[in-house]
Every structure is written in C-alpha cells, then in structure tokens.
Amino acid sequence: MEAVYERGAFERPAVLFDFDGTIADTGPAVLSISRRALAARGYDLEAVGDLRQLIGPPLVDGFMLVTGGSRDEALELVDVYRGLFNEYVAPDDYPPFPGIPELLRALLDRGTKIAVATSRLDETARQMIAALDLPPFDIIAGRLEPGRATKADCIRACLDGLGMGPSDAVMVGDRHHDVLGAHEVGLPCIGVWRDEPARAELAGSGADGLCRDATELAWLLGVDGGFMERFA
C-alpha cells in the first residue's frame, strides 16, 4: 500500500463495491465460460484477444473487444455465454475474496451503508450475491436493459436508493471502468489490484487510492485493523 495514504483517508457514510473481481473472484468462471462460448460459435481461441478484457465491462462490449467483431456478433456470443454460465457455474466457482465478507460486516457494524454497483445484469447480480455468504447490502444496482447502461448509471442508482450524494460515498473497484464511472458521477474510487497490469491500469485511469487486499482496503476505509479476527 502506498505510504501516502492515511488510515481512513476514504472513510465515507457509504461504500459502493463493484462485484466481479472486487467482491467475488469470478475471473476463472468468466474465462472458462467465455472460452466455451467462443468455441461453440466457431472462433479460434488462439486468434482472439486477451479474454481478461471480458472481466469488468458489459459482456457485449467485452466480446467486441476480444473478437473485433460487430455488435450483433457479440450479442450472439452473449446469448451463448449466458446459457452456458447458467448451466455450468455454481456459487463455489465465484467465492468472495479473502476478508471481504468480514470487511462488509465491519462496515455495517459501524453504521456505514454498503452497496453494489455492477455492470452485470441486475437480476443476475442479485442471484449470484444471494447465493454467497455475505451480509445484506443496502442497495444492489446492476445493468437494466433498457434503463441502466453504464457503470455511472449503476452508481447513480445506488446513490439515489441510499438518498445520498457523491460526497457521501466512495467507489471500490478493480477495473478502469469503475474509476471512470465513479469520476463521472463525482465519487472518488479506490482501485483494488492483484497483479502489476491491474495496478497500472487503475493508476493510469486516475484511481484516487490503490490497495491489494481486504486488509489494505480496510485501512483506507478507516476500519479497525482487527476486523477479521472479530468474525473468525
């Protein structure tokens, strides 16, 4: 963690979390199902782009990035992907990152509102979150088709549901989409990184804070350092 960050530097009445790659380790499942979907549609897996680009943005945008194809082609891939995801992916395939459930409970215990602002479809996000052993969120806002198309839209929906303004909250995410969406609405964003490319992406997009895990995130949010032991 960067030494310039003081404990509680981003303490706010509300914390908004991204889901994929921030709360839950969905990456392996997303990559596995993406490979299946691409293969099912006849794509050469050696010729497509880095599938990690699918983690974070709306699926249609991700498939356009990795294939270089049209929106219509990407939408066909999305349909295949969703069918395979529903068939093959179980809650054990997207566990919460270590310390995240405990951090969420510690935030609730001190009176902080917690919310999820995700680019996943709203219904899918709710189903996946409900299947995990997590404390209750005050608000969950995913994409709606039509209605909520961007990360910024989902962040605004969280703030509206909480009855709060941008100065009352901080966003936590793992991709540049989270940073840009938060800044569009006027929130600071803490970037959680787990490898050097992710750190560089978040820093390059202007993340206001950077951390590597739940313990460092707790420090930035002003949560007692013993939060994990209290829920052991």
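Quick check on my filter: what residues within segment 140-163 are modelled with pLDDT of 95 or more, of a type outside the set (G, A, S) and surrounded by fewer than 18 Cβ atoms within 10 Å (Cβ to Cβ)?
D160
For G69, are the conditions met, namely being without any contact (Cβ under 8 Å) to a residue 40 or more places away in the chain and open to solvent by less than 70 Å² (accessible area, probe 1.4 Å)?
Spelling it out, G69 is indeed without any contact (Cβ under 8 Å) to a residue 40 or more places away in the chain and open to solvent by less than 70 Å² (accessible area, probe 1.4 Å).
Identify the residue in segment 18-48 that is among the small types (G, A, S) and open to solvent by less than 30 Å² (accessible area, probe 1.4 Å) and, among all such residues, is modelled with the lowest pLDDT.
Looking at residues that are among the small types (G, A, S) and open to solvent by less than 30 Å² (accessible area, probe 1.4 Å), I get G27.
For segment 181-210, give me each residue that is within 17 Å of the chain's Cα centre (by Cα), free of Cβ contacts under 8 Å to residues at least 60 places away in the same chain, open to solvent by 30 Å² or more (accessible area, probe 1.4 Å) and closer than 11 Å to M171 by Cβ.
H183, E184
Return the pair list, or none, for Cβ contacts closer than 6 Å from residues in segment 162-179 that are within 14 Å of W193 (Cβ to Cβ) to residues that are open to solvent by 50 Å² or more (accessible area, probe 1.4 Å) and not in a strand (DSSP E or B), at least 6 apart or on different chains.
H176/E201
Within segment 152-160, identify whether any single residue is over 16 Å from the mean Cα position of the chain (by Cα), over 23 Å from G206 (Cβ atoms) and not β-branched (V, I, T), and answer yes or no.
Within segment 152-160 (the criterion being over 16 Å from the mean Cα position of the chain (by Cα), over 23 Å from G206 (Cβ atoms) and not β-branched (V, I, T)), the answer is yes, since at least one residue qualifies.
Just the residues that are open to solvent by less than 50 Å² (accessible area, probe 1.4 Å) and within 21 Å of I23 (Cβ to Cβ), please, taken from segment 78-95.
Y81, F85, V89, A90, Y94
Consider segment 78-104. How many of its residues are part of a loop (DSSP other than H, G, I, E, B) and in contact (Cβ under 8 Å) with a residue 60 or more places away in the chain?
6
The values are calculated or read from the model by the stated rules, or taken from the named source; none is laboratory data. This is a predicted model, so every value here is computed, not measured. Using ideal geometry, Cβ is built from the backbone for each residue, glycine included, and neighbour counts are taken over all protein chains shown. Protein only, heavy atoms only, side chains kept; ligands, DNA and RNA dropped before computing areas. Shrake-Rupley method; radii C 1.70, N 1.55, O 1.52, S 1.80 Å.
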